[in-house]
Amino acid sequence: MASEQNARQPLAEWVQSALVGIGLGLIVTDDKARILAVNPVAASLTGWSADDAVSRTAEAVFRIEDEVTRRPAPDPVTDVLAGGVAVGLSDHTVLIGRGGSECRIDHGASPVWDAAGAIIGAVLLFCDVSERQRAVQGVEDARAFAEGIIQTVREPLVVLDAGLRVRSANSSFYRTFRVTAPETEGQTLFALGNRQWDIPQLREQLEAILTGDHHFENFAVDHVFDGIGRRSMVLNARRLLLPGRQSGLVLLAIEDATERVRATESLALSETRYRRLFETAQDGILLVDPETRRIFDANPFLTDLLGHPWVELIGKELWEIGLFDDIESNKAAFRTLQETGYIRYDDLPLRTHDGRGIEVEFVSNVYPVGDTPVIQCNIRDVTDRKRAEVALQAAHDGLEVRVAERTAELAHTNATLSDEIGRREIAEADRRDLQQRLTTVQEDERRRIARELHDQMGQHLTALGLGLKVVRDATAHPSQEWDRLHALQSLTDLIGREVHDLALELRPTALDDLGLSAALAHYTDGWAERTGVEVDYHGPEADENRLGAEVETALYRVVQEALMNVHKHAAARRVSVVFRRSPEDVSVLIEDDGRGFDADAQALHRLGILGMRERMALMGGTLTLESAPGRSTVIARVRPTPRDGGTHRG
């Protein structure tokens with residue numbers, strides 16, 4: 001205890017007397033890190049008085065933490081005594097006072113050596129830097145705030161140094177001009193891009209800003225920029241003075257005014273076009289102030305129409321130039337216009353400056369020009385149109401009279417034509433009836449001749465054949481007489497067969513006895529045998545409900561005539577005949593594989609085809625011809641009619 005007091009006594013003499021009044025906190029320890037002395041600043045910052053702190057370890061009194069992690073920081077006294085070298089405090093060090101108070105501190109600790117070079121203690125110096133740190137943080141926050149504002153500004157911004165080199169630029173600048181910071185910062189403004197900013201007048205303006213308290217606004221640059229094409233840029237620049245610096249910086253704001261310039265040019269062009277339309281319009285146009293009801297503009301067509309010079313129209317109300325009878329009528333029209341926004345008069349009388357009376361069409365409406373309403377009055381001279389309407393009405397009335405007369409004539413002509421058509425229809429009906437009767441008579445005659453050939457001629461030929469046979473048998477064989485009799489007998493048989501075929505051609509008995517399908521089957525078989533052309537026939541089985549005799553006869557004759565044409569002209573190898581019957585219609589189809597024909601030409605010039613068409617027309621049916629190379633078709637179609645129960649007649 002005595003030795004400790006002896007060591008403390010000289011320390012109090014040279015340390016406390018020298019450092020008690022300094023503005024830094026001071027803690028002195030021995031080589032065991034026990035506190036020997038604490039000055040008033042240290043006592044205030046730590047919250048420990050000198051009497052309470054002495055003999056305690058420095059770590060117990062000087063409690064520090066990392067401001068960010070809030071973990072205990074290493075004790076600087078322990079580090080100094082262990083390492084024998086001075087140490088500094090890390091950034092963001094917080095001193096925790098005895099009562100829990102906190103403050104930011106700075107500085108560090110250093111060892112104390114005796115004359116022999118041995119460490120006998122340590123000195124810890126520190127100060128409260130909270131206010132300084134708050135000021136620095138405020139500056140950093142203000143800088144971040146300013147940079148945030150600059151980066152979010154839509155217009156490109158560039159900061160230039162005293163040499164007019166790019167010190168920094170915001171993101172809008174890089175985005176607008178499609179460049180990057182490395183290729184931009186440090187370069188002079190005039191070397192950027194394709195030297196679009198290398199303008200002598202701009203250089204002079206920027207240098208003037210650096211040499212004095214100047215600025216400029218609305219410096220226009222129209223240029224074709226790399227990557228973005230032609231743009232109209234507007235530049236504004238101002239000097240930024242920095243504390244302690246004479247040269248300062250230049251803040252250059254660049255506004256892309258391309259769209260605004262184009263809009264201004266478009267507006268000017270639109271106004272020019274409107275003025276041209278206004279001045280060249282072939283209608284009179286007046287522009288009127290809604291508040292004063294007075295004219296403030298008129299186009300040349302109107303001044304020519306009214307005969308008033310332009311200066312005489314300006315400032316007048318409409319009634320004063322003859323558009324309305326008096327001021328009350330003018331006011332009434334304006335009230336209507338204000339209520340509805342539109343008025344129209346189709347035939348408003350107007351008197352010109354030289355006293356001529358004309359009629360005009362007057363249309364007026366209200367529309368906004370910006371925030372100001374304007375009344376536009378369109379005035380069209382309809383005098384000629386009115387005259388034309390009167391003349392047109394007169395012509396119309398005359399035309400109506402002529403139409404009535406012509407209608408009466410047409411009605412008379414129509415009645416005459418109707419009578420003529422009626423007579424012709426009767427004549428046509430009589431012709432058809434006569435044709436039908438002739439056809440019936442013809443078929444009856446064919447039937448009679450066929451029966452006579454079959455019965456009488458057949459019997460005679462049979463008797464002749466038998467007689468020749470008897471004579472031949474009675475004649476010696478061989479002999480010339482026997483040969484002649486044999487030849488005559490063969491000729492008689494041939495004549496009999498041809499008479500039989502002729503009778504069938506004239507009127508087949510199967511058509512009367514068995515019906516159309518059986519008759520066609522029999523006829524096609526015989527035709528194929530005679531001509532050597534293969535025939536494929538398809539038809540329905542025999543039906544008790546036979547067709548009318550006229551229909552059967554007509555269809556049979558069509559098939560007969562068609563096959564005759566095939567044999568004469570087609571050079572066909574195969575023919576197909578199809579007979580179909582349904583409740584709706586009856587048809588026969590004759591198709592061959594011959595050379596074909598011109599259907600229209602054949603229909604016009606061949607009597608056989610004309611005859612077939614006439615037969616079908618008499619039955620109320622149709623005949624259709626179709627032909628192509630290697631194929632021709634005839635189709636006859638008629639509505640079915642029931643067969644009478646009486647005698648079968650063709």
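The values are calculated or read from the model by the stated rules, or taken from the named source; none is laboratory data. Treat the numbers as computed from the prediction; the structure is a model and nothing was measured. When we count neighbours, we look across all protein chains shown, and the Cβ atoms used for this are built from the backbone with ideal geometry, even at glycine. Remember, those area values only see protein heavy atoms, side chains included, never the ligands or the DNA or RNA. Shrake-Rupley method; radii C 1.70, N 1.55, O 1.52, S 1.80 Å.
Flag: Arg344 matches the condition of being touching an Asp or Glu at 6+ places or on another chain (Cβ under 9 Å), open to solvent by 80 Å² or more (accessible area, probe 1.4 Å) and free of Cβ contacts under 8 Å to residues at least 60 places away in the same chain. Annotation note: Cβ proximity below 6 Å between a residue of segment 374-399 that is part of a helix (DSSP H, G or I) and a residue that is surrounded by 12 or more Cβ atoms within 10 Å (Cβ to Cβ) and at pLDDT below 90 (sequence gap 6+ or interchain) occurs for Thr383/Ile358; Thr383/Glu359; Lys386/Glu359. Only a single criterion out of (1) open to solvent by less than 80 Å² (accessible area, probe 1.4 Å); (2) under 52 Å from the mean Cα position of the chain (by Cα); (3) more than 24 Å from Leu305 (Cβ to Cβ) is not satisfied by Gly422, namely (2). Restricting segment 80-114 to residues that are of a type in the set (Asp, Glu) and open to solvent by 70 Å² or more (accessible area, probe 1.4 Å), which is modelled with the highest pLDDT? The selected residue is Glu102.
Of everything in segment 193-207, what is over 14 Å from Arg231 (Cβ atoms) and either in contact (Cβ under 8 Å) with a residue 60 or more places away in the chain or out of contact with any helix residue (DSSP H, G or I) (no Cβ under 7 Å at 6 or more places or on another chain) (or both)? Give them in sequence order. Step through it out loud before you land on a result.
Here is the first cut: in segment 193-207, the residues over 14 Å from Arg231 (Cβ atoms) are 195, 198-207.
Matches in segment 193-207: Arg195, Ile199, Pro200, Gln201, Leu202, Glu204, Gln205, Leu206, Glu207.
For first residues located in segment 273-286 and on the phi > 0 side of the Ramachandran plot and among the polar types (S, T, N, Q), partners that are part of a helix (DSSP H, G or I) and surrounded by fewer than 11 Cβ atoms within 10 Å (Cβ to Cβ) and lie 6+ apart or on another chain with Cβ distances below 6 Å do not occur. Under the condition of being within 18 Å of Val80 (Cβ to Cβ), of a type in the set (Val, Ile, Thr) and modelled with pLDDT of 85 or more, the residues counted in segment 1-45 number 5.
Specify which of the listed residues (Ser329, Ser270) is surrounded by fewer than 16 Cβ atoms within 10 Å (Cβ to Cβ), under 30 Å from Arg231 (Cα atoms), polar (S, T, N, Q) and modelled with pLDDT under 85. Criteria check complete, one pass: Ser270.
Residue-wise test of (1) at pLDDT below 80; (2) outside the structural domain of Ala257 (by the TED database); (3) surrounded by fewer than 17 Cβ atoms within 10 Å (Cβ to Cβ); (4) not aromatic (Phe, Trp, Tyr).
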| residue | (1), (2), (3), (4) |
| --- | --- |
| Phe126 | no, yes, no, no |
| Glu140 | yes, yes, yes, yes |
| Ser171 | no, no, yes, yes |
| Arg175 | no, no, yes, yes |
| Arg178 | no, no, yes, yes |
| Asp198 | no, no, yes, yes |
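For segment 377-395, a residue qualifies if it is surrounded by 11 or more Cβ atoms within 10 Å (Cβ to Cβ) and within 48 Å of the chain's Cα centre (by Cα), and the qualifying residues are Cys377, Asn378, Ile379, Arg380, Asp381, Val382, Thr383, Arg385, Lys386, Ala388, Glu389, Leu392. Can you tell me which residue is least open to solvent (accessible area, probe 1.4 Å) among those in segment 613-638 that are at pLDDT 80 or above and charged (D, E, K, R)? Step by step, filter segment 613-638, then rank; the result is Glu614.
One residue stands out in segment 332-341 among those that are over 42 Å from the mean Cα position of the chain (by Cα) and open to solvent by less than 80 Å² (accessible area, probe 1.4 Å): the one that is farthest from Leu306 (Cα to Cα), namely Thr336. I'm checking my understanding of the structure. Among residues of segment 277-301 that are modelled with pLDDT under 85 and part of a helix (DSSP H, G or I), which one is surrounded by the most Cβ atoms within 10 Å (Cβ to Cβ)? Here the residue is Phe278.
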